[in-house]
Structure formats: C-alpha cells, structure tokens
Amino acid sequence: MKTFPKVLEWTQFKSTDPKVENFFRSALTSMIANRKSMANRSKHNDYLQLMVNALNKTADNNSHITGNSAEEPDDTERIYGQRDEKPMNSTKLKGELTEDDILANTVLFLVAGYETTASLLSYLSYSLALNDKCQQKLYEEVMSFDGKYDYESISKMPYLEACVAETLRLYNPLVVLFRMANEDYKLGDTGITIPKGMMVNLDVQSIHRNPDYYPNPDRWDPERFLPENRDQLAPHSYMPFGIGPRNCVGMRFGLMEAKTAVVCLVQKFRFTRSVNTCVPLIPKKHEFILNCGEINIGVELRK
Ligand code: HEM
C-alpha cells in the first residue's frame with residue numbers, strides 16, 4: 001500500500017472489508033454531527049474532539065493542538081525514548097483535515113491500540129511461563145505493594161517495567177517502521193544516498209535481536225532493563241514504540257494498560273509451560289504485525 005500508492009489508486013484495491021468501512025463511517029458521521037452541535041461541544045475533552053475542532057482548517061491555524069514539552073525525561077522516556085512534540089513545520093503539511101482523515105485516524109487508533117497491547121500481554125505471559133524464577137520475582141514485587149495497585153504504585157515496580165521492556169525487545173508488535181525521505185539524505189560515508197520521496201523500511205526486529213547490542217539476544221532476560229543495567233544499552237538500539245516525532249502517541253497509555261493487566265493477573269494466577277507450549281516461537285514471515293501463530297500456556301490459580 002505504502003510502497004506502491006499509485007498502483008493502489010489505479011486498481012481501486014481496498015484493503016478493508018467494505019462492510020467494516022461502512023460501519024465505522026456511519027458511526028463516525030453521527031458522532032461528528034453530534035460533536036459539531038454547540039450543545040455538545042464543551043462536554044468532550046478527547047482526541048476525537050481535537051480532530052473535530054481541526055476539521056476543515058489548515059495546520060497553520062491549528063498550531064495550538066500540538067504541545068511542546070521541554071520537561072526532563074522521566075523513567076518511561078529514558079527506556080522508550082522521548083516524544084518529540086515540537087510543532088511540525090506547517091509548510092510541509094498541505095491541505096485541510098477532512099472527515100476521511102478523521103475516519104482513518106479513528107480506525108488507526110483502534111488497530112494500533114488493541115492489537116499491540118494484546119500482543120504484548122500474550123508474549124509476556126508466555127515468557128513468564130517459561131521463566132519461573134522471573135515470574136516468582138515479579139510476583140514478589142507485585143505482592144509487596146499489598147493490593148494497592150494504582151498509577152503511582154505501578155510506576156514504582158522496576159521489575160515489572162523490566163519484564164515489559166524485555167518482552168517488547170524480543171517480541172516488538174510492529175516489526176517494521178516506515179519513513180519517507182523528505183529530502184536527499186547521504187548515509188554517512190557509505191556512498192549511499194536515499195533520494196527524496198523514497199520509502200525506507202526499518203527492520204526493528206533485527207536491531208532488537210542483534211548480538212552486538214544484546215548479548216545472547218534470543219534469551220528473554222528482564223535484567224537487561226533494570227535501572228542499574230540500562231546504561232549498557234546502545235543508544236537507538238531499542239525502539240518498540242518507534243522513534244522521533246512520529247513515534248507512538250499511545251505509548252504511556254499502552255504501557256500502563258498492559259502493566260495494570262499483568263499486575264492483576266500475576267497476583268492471582270501462575271503461568272506454566274504445558275505440553276502444547278511451542279518453544280521457541282517462530283515469527284511468520286512477511287507480516288507487518290508480529291505473528292507467531294497460536295500461543296499455548298497453562299494457567300494455575302494461586303492459593
Ligand atoms: C504495547 C503497546 C504499543 C506498541 C508496542 C505500539 C507501537 C507503535 C509503533 C512502533 C508505532 C510506529 C511509530 C513510528 O513509526 O515511529 C506506533 C504508532 C502509533 N500508535 Fe502505538 N503502540 C502501542 C500502543 C498504542 C495505543 C494503546 C495506542 C492508542 C491508544 C496507539 C496509537 C498509535 C498511533 C495513533 C500511532 C501512529 C502515530 C503517528 O503516525 O503519528 N498505540 N505504535
């Protein structure tokens with residue numbers, strides 16, 4: 001789609017089932033109509049409302065919708081990278097935001113938010129099932145908070161953070177990142193120039209499993225991401241949420257959502273390796289979202 005957009009236009013090929021598209025289109029049309037009416041405008045403080053406010057306006061008169069955080073990076077940003085929220089150069093953003101743009105962004109939010117977080121939870125449960133010592137360590141950390149599981153306490157669980165980060169290294173849900181060159185770009189002294197307009201695919205999986213950056217790369221080892229070991233990580237060798245100004249907007253939400261689910265599960269259940277557990281998992285080729293087929297593990301209720 002991204003590599004041959006003209007072919008897509010010419011063949012009129014649709015990658016989405018028309019029934020699904022119609023469902024989202026009609027749901028969104030009525031929501032937008034509702035949001036546009038003065039009576040409802042002030043009641044919503046969400047992403048859809050930001051887009052509705054920006055409808056039919058150009059980027060120039062919408063600079064207020066991007067923030068610019070100059071704050072010190074916190075722990076999440078130290079591991080996963082900072083969100084560069086400088087307003088984009090408006091001369092590069094042509095045209096107005098249309099209802100089709102809102103529709104595309106709404107569906108993107110659903111797809112980007114659900115599949116990735118669900119995938120993180122599957123691979124983390126699987127990794128815990130195969131590494132009982134790590135699971136026990138995580139269980140003890142979780143139990144030390146004595147049932148007080150809120151935003152603040154979950155942010156203070158370094159071993160949980162490390163388990164999540166290591167899972168996203170070995171099993172990053174989006175295996176490839178895409179970028180289009182904005183200008184001719186010389187790649188150091190390699191003699192290679194990426195021409196303006198060329199699509200570049202970044203194979204994040206290979207970087208995450210490169211032994212130069214991660215010794216024993218196929219081993220799931222949360223210790224790599226404990227605060228005392230993090231300075232051994234090579235810069236830019238870890239990007240499960242992408243990189244730069246277009247990295248994942250849902251990063252903090254996705255992490256907190258997944259961590260909350262893990263905490264609730266780990267305190268009640270123990271994951272085990274069963275006869276149906278496949279080791280190792282083999283990622284399928286040519287997939288945009290990581291797909292290792294079925295993941296089977298055992299689940300025991302803790303006493
Ligand atoms: C573990 C969970 C998640 C992972 C691993 C993940 C990963 C990613 C990655 C790798 C990208 C591409 C970034 C780039 O090209 O540099 C991305 C983009 C995006 N993600 Fe996530 N994501 C997660 C959760 C979420 C959630 C929960 C939401 C929404 C609530 C979300 C919304 C988005 C959106 C809208 C984009 C496109 C951003 C843009 O193009 O500017 N993601 N995500």
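The values are calculated or read from the model by the stated rules, or taken from the named source; none is laboratory data. Remember, it's a predicted structure, so these values are computed and weren't measured experimentally. Note: ideal-geometry Cβ built from the backbone for every residue, glycine included; neighbour counts use all protein chains shown.
Computed quantities for the displayed model
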{"read-out": "The one condition in (1) within 15 Å of E166 (Cβ to Cβ); (2) out of contact with any Phe, Trp or Tyr (no Cβ under 9 Å at 6 or more places or on another chain) that L255 fails to fulfil", "value": "(2)"}
{"read-out": "Residue in the stretch 249-260 that is out of contact with any Leu (no Cβ under 7 Å at 6 or more places or on another chain), farther than 24 Å from V176 by Cα and at pLDDT 95 or above present", "value": "yes"}
{"read-out": "Total residues in the stretch 179-198, condition farther than 18 Å from N247 by Cβ, hydrophobic (A, V, I, L, M, F, W, C) and assigned to a strand (DSSP E or B)", "value": "1"}
{"read-out": "Filter result for the condition that a residue is more than 12 Å from the ligand (Cβ to nearest atom), more than 23 Å from A118 (Cα to Cα) and of a type outside the set (D, E, K, R), over M180, M198", "value": "M198"}
{"read-out": "Helices (runs of 4 or more DSSP H) fully within the stretch 9-83 counting 2 or more residues that are among the polar types (S, T, N, Q) and at pLDDT 70 or above", "value": "18-36, 47-54"}
{"read-out": "Qualifying residue in the stretch 277-295 (condition: at positive phi and in a helix (DSSP H, G or I))", "value": "no"}
{"read-out": "Among (1) within 16 Å of the ligand (Cβ to nearest atom); (2) at pLDDT 95 or above, the one test that S206 misses", "value": "(2)"}
{"read-out": "Residues within the stretch 120-158 that are farther than 23 Å from F253 by Cβ and part of a loop (DSSP other than H, G, I, E, B), tallied", "value": "4"}
{"read-out": "Of the criteria (1) over 28 Å from K6 (Cβ atoms); (2) modelled with pLDDT of 95 or more; (3) out of contact with any Leu (no Cβ under 9 Å at 6 or more places or on another chain), which one L138 fails", "value": "(3)"}
{"read-out": "Enumeration of residues in the stretch 148-163 that are closer than 16 Å to Q267 by Cβ and touching a residue at least 24 places away in the same chain (Cβ under 8 Å)", "value": "Y149, I154, M157, Y159, L160, C163"}
{"read-out": "Residue within the stretch 122-139 that is within 16 Å of the ligand (Cβ to nearest atom), under 16 Å from C264 (Cα atoms) and surrounded by fewer than 20 Cβ atoms within 10 Å (Cβ to Cβ) present", "value": "yes"}
{"read-out": "Within the stretch 165-177, considering residues that are within 12 Å of the ligand (Cβ to nearest atom) and hydrophobic (A, V, I, L, M, F, W, C), the one surrounded by the fewest Cβ atoms within 10 Å (Cβ to Cβ)", "value": "V176"}
{"read-out": "Only one of F271, F225 that is buried (at least 16 other Cβ atoms within 10 Å of the Cβ), within 16 Å of the ligand (Cβ to nearest atom) and modelled with pLDDT of 95 or more", "value": "F225"}
{"read-out": "I295 touching a residue at least 40 places away in the same chain (Cβ under 8 Å), within 12 Å of the ligand (Cβ to nearest atom), more than 28 Å from E152 (Cα to Cα) and surrounded by 13 or more Cβ atoms within 10 Å (Cβ to Cβ)", "value": "no"}
{"read-out": "Scope the stretch 240-266; condition more than 7 Å from the ligand (Cβ to nearest atom), surrounded by 14 or more Cβ atoms within 10 Å (Cβ to Cβ) and either farther than 23 Å from Y139 by Cβ or acidic (D, E) (or both); matching residues", "value": "R252"}
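So that you can scan it fast, the table gives a plain yes or no per residue for (1) in contact with a Ser or Thr (Cβ under 7 Å, 6 or more places away or on another chain); (2) of a type in the set (V, I, T); (3) buried (at least 19 other Cβ atoms within 10 Å of the Cβ):
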site	(1), (2), (3)
C163	no, no, yes
K186	yes, no, no
V200	no, yes, no
Q205	no, no, no
